[in-house]
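The values are calculated or read from the model by the stated rules, or taken from the named source; none is laboratory data. Since the model is a prediction, treat every value here as computed from it, not as a measurement. Cβ: placed from backbone, ideal geometry, glycine included. Neighbour counts: every protein chain shown.
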Amino acid sequence: MSRPGRLRLAVLAAVPVAFVVATYFWPLTAVITRSFRGSSGSMIRQVIGAGSTWRLLGITALQAAASTAVAVVIGVPAAWCHARLQYRGRQLVWAAAGIGFVLPAIVVAVGLRSVVGADRVCSWTWVIVAHVAVNVAVIMRTVGTRFMLIGTELEEAARTLGRSKTAAVAAVSIRGSLDAIVGASLVVFLFCLTSFGIVLTIGGGTLRTIEIEIWLQTTRLYRLDVAAVLVCLQFLLVVAALIAHGLVTRSRAPIVSVEVTRRRVAGWAERLSVTTISATVLTLSLAPVAALAIRSLRVDGGWSWLNYSALSRPLVGSGGDITIAGALWSSVLVAVTSTAISMAVALPAAIVIAPGGRLGRVLDATLLIPLATSAVTVGFGFLLGYSSPALDLRSAWIAIPLVESAIAAPLVVRVLVPSFRSIDPRLVDAARSLGVSRWRRFATVVLPTISPAVGVGLALSFAVSVGEFGATSVLARTTSPTLPQVISRLLGRPGSSNLGRALAVSTILALLCAVVFGVAERFGGRRTRALEF
Amino acid sequence: MKRMITAVVLATALAATAISCGNDSPSSASPKSVTLVTYSGYALPEAAAKAFTKRTGIKIKLVATDDAGAALNRVLLQAGSPEGDVFFGVDNTFLGRAQKSDAFVKYSPKANDDVPREFQLDEAARFTPIDESSVCVDYDQSWFAAHQLAPPTDLQSLTDPKYKDLLVVEDAAASSPGLAFLAATHAEFKGGTDGYWRALKANGVAIAASWSDAWETRFTVSGGDRPLVVSYASSPPAEVVYATTPIDAPKSAVITSTCFRQIEFAAVLAGAPHLDAAKQLVDEMLSPEWQEGLPLSNFVFPVLPGVTLPAEFQRWAVRPPAPLEVSVKELDDHRDAWLSSWRDITE
């Protein structure tokens, strides 16, 4: 790949930068300026000085750190098994973890509640379990790819030098991947720091993190000033973690495709470990959804399709003819639009980030910020930032796809960058010296390399968009709600028939995300690398 | 590569154009519609809404988001450039906050003269009472029968050790029935309220994030673990109407001495794009037909006298004779302080 010039990169970078400013920084500014209007410096000092604020920060960081630690403890061995060993179900475990990541948080939380029981689920332990279920894929995939790059030879060399098996792994693979492990851990830490749907649904009203407190202060207590102080504190935390992430992952290993040889599982101890790890990942990723599906089919102690057949009836009191089928259709439409926007932003961003210059690194980190901030704040930012008569996006159809793509685009960038990096420059040069035209070079060298990643990126973006809840729930829609909005509406109405329908819609939503992402990975996954940070 | 960059820039530009072209918002300036801003649990009384559209040609659109308190805050936040024309869903626990804002204009339908004085809480004639209901502690009759335990009779008895770990309430900071129940305890215990909540906490009260959390997942009637729940005086008929498979009688019943009355109001929004239609809609909400539709759409009582109640309501709903009360002013003066100490106690 010929390196694009600095100017051209700057022009390309303008697209994602403009996008992040419009969908993130401008709404955030609108919220913060509106919130601080008429408030005094003493209030800010009071909030920052309060012991309760620091306790809140401490709890938030602690649960995020614990979630990350557990994800590492499960994810790193799972990654090692995937990279080094050959066993039945190896690809299944890899795919299941990925599906766990794309499942909507509300679905995971509601599913976990039905496994554990609503009375017992309300504790930090289960919040951590849910966080691990969603995020273990990030560790597994980031670290697993690194293990494959390191190759088996060094580990074998260490063993011939007399190290034990575990010591050899520790000395070679773990030490060689330390930056990948720390980098992925920081990203997981960030996701858990600002996670909303999981903590709210599992924690009921009692488990509070800084994100929950922001939501509570903004939407319920109407203390915008307090919320804004917390948003700023959270923002600082996120930026600090991102800077750390940028420093750690600075020396990214060159991306070359390595043919990895995997050996068969040997001995009962190893077999037991592999089975335990695989079963843990599979259970974490799939049990909540399985429980949800089962519960949606139970009516009054028996098996029934009743909750599903009830889906064709219009929603009561919606002022017209909103049906679940209609909501499904409008969800798909919104997600497709959001996916198109994400791709339009992610492609130029990936081209800028792939060469790895300073501009690329800054853009990389900037794109991660929206992913790691309060979705509720961004939603409110849209309400306040785009309410002028000249540009009133609040009830515009495009508002929801825009917000969703702000969350999906950074993930797509992560899928595209490695594939841009893996374009073999020698092939491009060879083609050029043979006098092959630009378009043919693009069609025969670039396109085949990046197209599987584009496919997986599209699917990932679709799955994330279709399940987005935090920001979407803030943005009102009059005529065509999305599936997560329907779930929240159904959960807010009395009666077991409404609850049953909510479970049925959740199951459909989960299946939609899982199938779209699963299928795309199945066909493009061998050569692509999704969910790496 | 250069071509590719050009292609990408072009695609982005196309996408951007598509965005700006697709930007004709559905709510803008079509004169034959009115937008009702409300909370997500709200349901239009379908028959009355259809009749209104048929008679006037005005279609009703809904912007329904979140809990009642959150929906109000959203409106206050956007005072002057509202998302719709009429707001429905401010109740007496939040009325004081709404009255201080300039998000609403003065309007009072003629029919409001027929509504009893006890429901009129706004002297500035901006907020029109539409319905009333009561937040009460409900209990699972079959659970108490099966455990041969007499259900509690009042708020004080909820701290009795024999009811340990049986009650679930909503988060007072996050949910509007939760706040109403907190107000009920202040009406009952005045200065002793904090002590009462400490006793409740010691007796194992569970806190749920929302009404649906409490009722659908914690209440034993829905398969949960708690036979006492803060809900509504109209929950028993709702249980009958919304049963997945028909049932003859509700399993839940109401402890009437614990009830706190909620009155819900409608108001025309300042800066409403369809002011006339907005006034017509508020008029309509006090019409006999709309009022008759309220019990089965929202499980509340109409405020207009002489409206016939549906059979399920006549049979199963409770209208507490002497509900607990806290004035709008007192609530508004103390809401923040009450919530703050409630959060400290229950944390």
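Would you mind stating whether B:S287 is away from every other protein chain (no Cβ under 14 Å) and within 21 Å of the chain's Cα centre (by Cα)?
Against the criterion (away from every other protein chain (no Cβ under 14 Å) and within 21 Å of the chain's Cα centre (by Cα)), B:S287 qualifies.
Restricting to region A:75-92, and then to whatever is surrounded by fewer than 19 Cβ atoms within 10 Å (Cβ to Cβ) and in a helix (DSSP H, G or I), can you tell me which residue is farthest from the chain's Cα centre (by Cα)?
A:R90
Identify all residues within region B:46-59 that are facing chain A (nearest Cβ under 10 Å) and crowded, with 24+ Cβ neighbours inside 10 Å; write none if there are none.
Listed by number, the list holds a single entry, B:A49.
Step by step: first the residues of region A:330-352, then only those that are under 19 Å from the mean Cα position of the chain (by Cα) and within 17 Å of A:R421 (Cβ to Cβ), then the one that is nearest to the other protein chains (Cβ to nearest Cβ). Which residue is that?
Filtering region A:330-352 for residues that are under 19 Å from the mean Cα position of the chain (by Cα) and within 17 Å of A:R421 (Cβ to Cβ), the one nearest to the other protein chains (Cβ to nearest Cβ) comes out as A:L347.
Can you report the number of residues in region B:255-267 which are β-branched (V, I, T) and either under 15 Å from the mean Cα position of the chain (by Cα) or crowded, with 24+ Cβ neighbours inside 10 Å (or both)?
Count: 2.
Residue-wise test of (1) farther than 27 Å from A:A459 by Cα; (2) modelled with pLDDT of 90 or more; (3) not aromatic (F, W, Y).
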| position | (1), (2), (3) |
| --- | --- |
| A:G89 | no, yes, yes |
| A:L92 | no, yes, yes |
| A:A109 | no, no, yes |
| A:R113 | yes, no, yes |
| A:C122 | yes, no, yes |
| A:V129 | no, yes, yes |
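Of all residues in region A:197-237, which are farther than 20 Å from A:R37 by Cβ, within 12 Å of another protein chain (Cβ to nearest Cβ) and either hydroxyl-bearing (S, T, Y) or outside any helix (DSSP H, G or I) (or both)?
Selection gives A:T201, A:G204, A:G205, A:T206, A:L207, A:R208.
What residue, among those in region B:191-242 that are surrounded by fewer than 23 Cβ atoms within 10 Å (Cβ to Cβ), facing chain A (nearest Cβ under 7 Å) and part of a loop (DSSP other than H, G, I, E, B), is nearest to the chain's Cα centre (by Cα)?
B:Y242
Tell me which residues, restricted to region B:136-146, are more than 24 Å from the chain's Cα centre (by Cα) and in contact (Cβ under 8 Å) with a residue 24 or more places away in the chain.
B:Q141, B:S142, B:W143, B:F144
Yes or no: B:A71 buried (at least 20 other Cβ atoms within 10 Å of the Cβ) and small (G, A, S)?
In short, yes.
Of all residues in region B:162-190, count the ones that are part of a loop (DSSP other than H, G, I, E, B) and under 13 Å from B:Q262 (Cβ atoms).
1
If you check B:P321 against the conditions, is it in a loop (DSSP other than H, G, I, E, B) and either touching a residue at least 40 places away in the same chain (Cβ under 8 Å) or not basic (K, R) (or both)?
Judged against the criteria, B:P321 is a match.
Considering A:V274, A:V256, A:V289, which residue is in a helix (DSSP H, G or I), modelled with pLDDT under 90 and on the phi < 0 side of the Ramachandran plot?
Just a single option satisfies the conditions, and that option is A:V289.
Spot the failing condition for A:I181; the list is (1) within 13 Å of another protein chain (Cβ to nearest Cβ); (2) out of contact with any Ser or Thr (no Cβ under 7 Å at 6 or more places or on another chain); (3) hydrophobic (A, V, I, L, M, F, W, C), and only one is missed.
(1)
Starting from region A:101-118, keep only residues that are over 22 Å from A:G75 (Cβ atoms), then list their pairs with residues that are not in a helix (DSSP H, G or I) whose Cβ atoms are within a distance under 6 Å, requiring at least 6 positions of separation or different chains.
A:I106/A:F469; A:A118/B:G224
Mind checking which helices (runs of 4 or more DSSP H) fall wholly inside region A:435-500 and carry at least 1 residues that are within 28 Å of the chain's Cα centre (by Cα) and modelled with pLDDT under 85?
Those helices (runs of 4 or more DSSP H) span A:447-467, A:470-474, A:483-491.
Mind telling me which of the residues A:Q91, A:Q86 ends up being free of Cβ contacts under 8 Å to residues at least 40 places away in the same chain, within 22 Å of A:G151 (Cβ to Cβ) and not hydroxyl-bearing (S, T, Y)?
Just one listed residue meets the conditions, A:Q91.
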